[in-house]
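Below is one structure; the comments refer to it alone.
The values are calculated or read from the model by the stated rules, or taken from the named source; none is laboratory data. Remember, predicted model here, so these are calculated numbers, not experimental data. Glycine also receives a Cβ, built like all others from the backbone with ideal geometry; neighbour counts cover every protein chain displayed. Surface accessibility is based on the protein's heavy atoms, side chains included, excluding ligands, DNA and RNA. Shrake-Rupley method; radii C 1.70, N 1.55, O 1.52, S 1.80 Å.
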Protein chains: 2
Amino acid sequence: LKVEIITIGDELTNGEVLNTNAVFMANALTDQGHQVVSITATGDDEWQIQDALLKARDRVEAILVSGGLGPSKDDRTVYSTAKALGLRLVMNKELLETLRERFVQKGLEMTPAHEKLAYLPHPSEILSNPQGTAPGIAIRHRGKLFCLLPENPPELNQIFQEKVLPLLAKEQPEATCFRIRTLKVLGLTESAIADRLKEIEPKNFSASLANLPCYPEHHLKITVQGQIPAEAEANLLQVEALVREKLEEHIFAKDQETLEETVGHLLRAHHYTLSVAESCTGGLVAHRLTQVPGSSDYFERGIVAYSNQAKTALLGVPKSLLEKYGAVSAPVAEKMAEGVRTLSQTTLGLSITGIAGPGGGSGEKPVGTVFIALASPGPTVSRKYHFDGDRKRIKVGSAHTAIDCVRRYCLDQFPGSI
Amino acid sequence: LKVEIITIGDELTNGEVLNTNAVFMANALTDQGHQVVSITATGDDEWQIQDALLKARDRVEAILVSGGLGPSKDDRTVYSTAKALGLRLVMNKELLETLRERFVQKGLEMTPAHEKLAYLPHPSEILSNPQGTAPGIAIRHRGKLFCLLPENPPELNQIFQEKVLPLLAKEQPEATCFRIRTLKVLGLTESAIADRLKEIEPKNFSASLANLPCYPEHHLKITVQGQIPAEAEANLLQVEALVREKLEEHIFAKDQETLEETVGHLLRAHHYTLSVAESCTGGLVAHRLTQVPGSSDYFERGIVAYSNQAKTALLGVPKSLLEKYGAVSAPVAEKMAEGVRTLSQTTLGLSITGIAGPGGGSGEKPVGTVFIALASPGPTVSRKYHFDGDRKRIKVGSAHTAIDCVRRYCLDQFPGSI
């Protein structure tokens, strides 16, 4: 279906709030094979809302509206919609009773402002809202479907998933099936990815392929069509297999999975434990690893050795080594990794030392120079990297690459492949 | 001025990308006293672009368009705009020369696709783009101003600030002046803030006051008007002073400043150094502190003691203490803070231990229970907190509160005031 999303609220047009509801709905609609023609954000103004609704009615089949359903004076969506479509507002007694009961349950008093919520355009259908007071409302008018939804994200998400998507699906019984897969890639540039994939013709599988850069990751989104679910799934499997063949171990996760989750699964499967010694990433590697529930099973400790003294005292990096090679060097990175591994008695010891900037760079070691080392039961290995950008970007790039070294080690692809 | 923002790109309407350009522009426009009537996202379709432009022309005075200015076939903005407004596309020889020179400088070859960039609607004005190839374009048509801007955020931001805002300002010579101040608050609930501020009447100072929750912070945005700049500034100073009087030390920063920057300034001013021992925050506190350039001057080390063994080995927390009180307890938090302070010989030692979940909670210590301790030349102090939400939210809330303890200590308001 052709769909338009209209989001209502002054907080959107004056730039105070990111329009995440629209992005959530647009993403889910696209995944279901609908086409979002336009996303509009408009202020809490009755005339602007009417204008947006009527313009949308002219060009699409379904109009999804969020915001302005509450009890306050600023909430004009229901009234404006009824006015734009020439419908009367009629008190729904059943809804009023439900609202009353809810207020009693919560021990709150219901005001006349709240009674407003029981007036609905006639005819319309209630899209019940288990998490909140104001329900969603569906209106069919001149062959077009209007859905009014609350702006609170959990309420909107639930009504959207449970009520709106099924309503839209019913409107397109002949629809083709869509399947989506996102493959997440690290360690290849955009042009290297394009080069490796150039022989794949997604069209042969009714598919399209998009590369969404998401620093430092690249997300390859495969969208596949089919007349029936089995056909779409078969096409998806074929394209995914082709892409995986070309990008090999550079693909570290799919769909919602994160790099640290993948690494967590691998460490668990191998019964490996991990400790980390960080300098320029300043704790970001440990923070990322511990975002995963249950990470305490394999993550033993992290040392943020920001000063040289800390590197010596906590990790046993000899002063002489720091003086001879400098804190940002391969020998120091390797000693840090070995030090944290020995002291924590983990299978693996990961270290990062570098220059995040803006100060501290030199001709020989410019800002962005980073050494990553991994100590393991085998020989300790280190690699030199260069990351572009500002301090925050250098931290993100190095932390991600360091965590990926652990993944590659678990896959027997460290160090040769990084 | 009444302004409409139109952003172009399939990646926006299919929900792959958050519309941050629109939010950036809307925010800056509102700050300058303009009214953003509508924000529209439309796909890379010639007819949709024309439709959006013409509808916008009917209702606002200035139309800002971003996206679709590049050399590829999908980039249809210039062509569609010329078509919608009935203008010819004319080759601008000077621009072509500039583009050629840029390609030579970069050692790249210029293709016919790139020559497309030199064709501009006639008449129009170039908004030069120092960071990129495709320039912005300003068109005056039937009394309305159209500005076409690239979608790459750094390029858009520079052209918008340096060219577009001055153009818009010229159009409204009689405008009132606006001044904005954001005060960032921590440690008070939304209703506590409302309660403290209830006696302030912003209208008496031609001001408005908005509270934007930004977990775990609250951002109070003061918007003030005046006939001349001096009046607006005087009004702002008065309202800001009133708000500061009511919220006192709960205000930790203003405008773009972050909590970790404020803490950095305070530590530097007092010549204090800091070390951190983290458990449930998993490195997030160290990561946040080291986001600030130059933080190595005061941040000495961080220990992420995830296992009990690490707490004992690295921080000297006695095993007996861990057994008696558990890792999540005030005595252990205090020992962690003292341990990291003693070992690193810093002025302050900060520690966090808690249950981030989803596992590990108990009746006595549910998920979200967190102890924060600060060791200093004075007595070591600890406090118990409870944070709601999932693992990530609990980490963010505890890390923020822990860093704020350092700020309050520097202001002589720890522990009494937290």
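Of note:
- Index of the failed condition, A:V243 passing every other in (1) of a type outside the set (G, A, S); (2) in a helix (DSSP H, G or I); (3) touching a Gly at 6+ places or on another chain (Cβ under 9 Å): (3)
- Counting only helices (runs of 4 or more DSSP H) that sit wholly inside region B:42-121, those with at least 2 residues that are at pLDDT below 90 and either open to solvent by 10 Å² or more (accessible area, probe 1.4 Å) or under 29 Å from A:K55 (Cα atoms) (or both) are B:46-59, B:93-105, B:112-115.
- Of everything in region B:381-394 that is touching a strand residue (DSSP E or B) at 6+ places or on another chain (Cβ under 9 Å) and of a type outside the set (A, V, I, L, M), the residue that is most open to solvent (accessible area, probe 1.4 Å) is B:K384.
- Test: residue in region A:245-255 that is closer than 30 Å to A:D195 by Cα, more than 10 Å from chain B (Cβ to nearest Cβ) and touching a Phe, Trp or Tyr at 6+ places or on another chain (Cβ under 6 Å): no
- Matching residues, region B:390-418, being of a type in the set (A, V, I, L, M) and at pLDDT below 90: B:I418
A quick yes/no check of all residues on (1) in contact (Cβ under 8 Å) with a residue 40 or more places away in the chain; (2) of a type in the set (D, E); (3) in contact with a Gly (Cβ under 7 Å, 6 or more places away or on another chain):
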position: A:V340; (1), (2), (3): yes, no, yes
position: A:S351; (1), (2), (3): yes, no, no
position: A:G360; (1), (2), (3): no, no, no
position: A:S382; (1), (2), (3): yes, no, no
position: A:D388; (1), (2), (3): no, yes, yes
position: A:R391; (1), (2), (3): no, no, yes
position: A:I394; (1), (2), (3): yes, no, yes
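- Within region A:281-316, the set of residues being within 16 Å of A:P331 (Cα to Cα), open to solvent by less than 20 Å² (accessible area, probe 1.4 Å) and more than 8 Å from chain B (Cβ to nearest Cβ) comprises A:K311, A:L315.
- Flag: B:D10 matches the condition of being touching a residue at least 24 places away in the same chain (Cβ under 8 Å), within 26 Å of the chain's Cα centre (by Cα), within 14 Å of chain A (Cβ to nearest Cβ) and more than 26 Å from A:D10 (Cβ to Cβ).
- Residues in region B:314-337 that are free of Cβ contacts under 8 Å to residues at least 40 places away in the same chain and outside any helix (DSSP H, G or I): B:G316, B:V317, B:P318, B:G326.
- Among the conditions (1) part of a helix (DSSP H, G or I); (2) within 22 Å of the chain's Cα centre (by Cα), A:G33 misses just one, which is (1).
- Residue tally, condition under 23 Å from A:S80 (Cβ atoms) and outside any strand (DSSP E or B), over region A:2-19: 10
- Where a residue in region B:178-196 is more than 14 Å from B:D255 (Cβ to Cβ) and its partner, wherever it lies, is in a loop (DSSP other than H, G, I, E, B) and not aliphatic (A, V, I, L, M), with Cβ under 6 Å and at least six apart: B:F178/B:G33
- When residues of region A:27-47 are limited to those that are free of Cβ contacts under 8 Å to residues at least 60 places away in the same chain and of a type in the set (A, V, I, L, M), the one farthest from the other protein chains (Cβ to nearest Cβ): A:V37
- Some residue of region A:398-410 being open to solvent by less than 50 Å² (accessible area, probe 1.4 Å) and outside any helix (DSSP H, G or I): no
- A:L1, sole failed condition from (1) open to solvent by 20 Å² or more (accessible area, probe 1.4 Å); (2) in contact (Cβ under 8 Å) with a residue 40 or more places away in the chain; (3) at the interface with chain B (Cβ under 9 Å from one of its Cβ atoms); (4) hydrophobic (A, V, I, L, M, F, W, C): (3)
- Tabulated pairs, region B:81-94, first under 16 Å from B:I126 (Cα atoms), second assigned to a loop (DSSP other than H, G, I, E, B) and among the hydrophobic types (A, V, I, L, M, F, W, C), C-beta under 9 angstrom, 6+ apart or interchain: B:T81/B:L87
- Unique match (being within 16 Å of A:S279 (Cβ to Cβ), in a helix (DSSP H, G or I) and at pLDDT 95 or above) among A:V370, A:V340: A:V340
- Region A:355-372 - residue that is open to solvent by 60 Å² or more (accessible area, probe 1.4 Å) and within 34 Å of the chain's Cα centre (by Cα) and, of those, nearest to A:R383 (Cα to Cα): A:G360
- Considering the conditions (1) over 17 Å from A:L149 (Cα atoms); (2) in contact with a Leu (Cβ under 6 Å, 6 or more places away or on another chain); (3) polar (S, T, N, Q), A:T98 is excluded by exactly one of them, (2).
- Put simply, of A:L156, A:L188 the only residue that is part of a loop (DSSP other than H, G, I, E, B) and open to solvent by less than 50 Å² (accessible area, probe 1.4 Å) is A:L188.
- Residue that is farthest from A:K170 (Cα to Cα), among those in region A:13-24 that are at the interface with another protein chain (Cβ under 7 Å from one of its Cβ atoms) and of a type in the set (A, V, I, L, M): A:L18
Quick grid of which residues meet (1) within 30 Å of B:K221 (Cα to Cα); (2) within 34 Å of the chain's Cα centre (by Cα); (3) among the polar types (S, T, N, Q):
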| site | (1), (2), (3) |
| --- | --- |
| B:L1 | yes, yes, no |
| B:I6 | yes, yes, no |
| B:F24 | yes, yes, no |
| B:A41 | yes, yes, no |
| B:D74 | no, yes, no |
| B:T77 | no, yes, yes |
